[in-house]
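Remarks on the structure that follows.
Laboratory data are not the source of any read-out in this text; all were calculated from the coordinates shown. These numbers were taken from a predicted model, which means no experiment stands behind them. When we count neighbours, we look across all protein chains shown, and the Cβ atoms used for this are built from the backbone with ideal geometry, even at glycine.
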Ligand SMILES: [Zn+2]
Ligand SMILES: [Zn+2]
């Protein structure tokens with residue numbers, strides 16, 4: 001009888017130890033994978049690997065406090081978003097520097113959106129951009145009138 005009870009106790013203890021060890025290794029594995037997703041620094045990977053294992057269960061908690069707030073993917077997505085916000089789209093659009101302020105603007109613009117310089121206007125007939133000095137449209141031969149600045153060029 002006593003041997004049986006002892007056997008059960010040992011069995012329970014062994015099961016508990018296996019349970020704890022599996023949990024411990026799983027946490028260490030999770031911490032390591034998370035570290036690879038959040039940083040490309042080998043030093044940080046090493047730190048995460050150690051913290052995932054020791055001190056057991058406390059290390060992963062410390063790691064949660066120390067880890068970078070964003071994963072590399074999230075950082076990349078953020079950087080792309082910022083680029084899209086601050087850089088004008090250039091693909092497929094012919095751009096040139098504004099003659100007044102030098103910023104890149106699209107070829108077809110008739111007014112610089114940054115410094116408000118007007119350097120062209122639209123033909124009333126075919127809607128192409130024309131130089132300010134032109135009295136008629138070279139594309140469709142429509143008279144556009146000489147004084148461009150006195151009337152709104154639309
Ligand atoms: Zn300008
Ligand atoms: Zn025209």
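Annotations
- Residue among 42, 55, 99, 60 that alone is within 30 Å of residue 118 (Cβ to Cβ) and more than 18 Å from the chain's Cα centre (by Cα): 99
- Remark: residue 29 falls outside the filter, which requires a residue to be at positive phi and touching a helix residue (DSSP H, G or I) at 6+ places or on another chain (Cβ under 9 Å).
- In summary, strands (runs of 3 or more DSSP E) completely within the range 60-145 and bearing 2 or more residues that are more than 16 Å from ligand 2 (Cβ to nearest atom) and either surrounded by 13 or more Cβ atoms within 10 Å (Cβ to Cβ) or without any contact (Cβ under 8 Å) to a residue 40 or more places away in the chain (or both) occur at 95-97, 104-106.
- Residues that are within 30 Å of residue 86 (Cβ to Cβ), more than 10 Å from ligand 1 (Cβ to nearest atom) and over 35 Å from the mean Cα position of the chain (by Cα) within the range 102-126 comprise 120, 121, 122, listed in sequence order.
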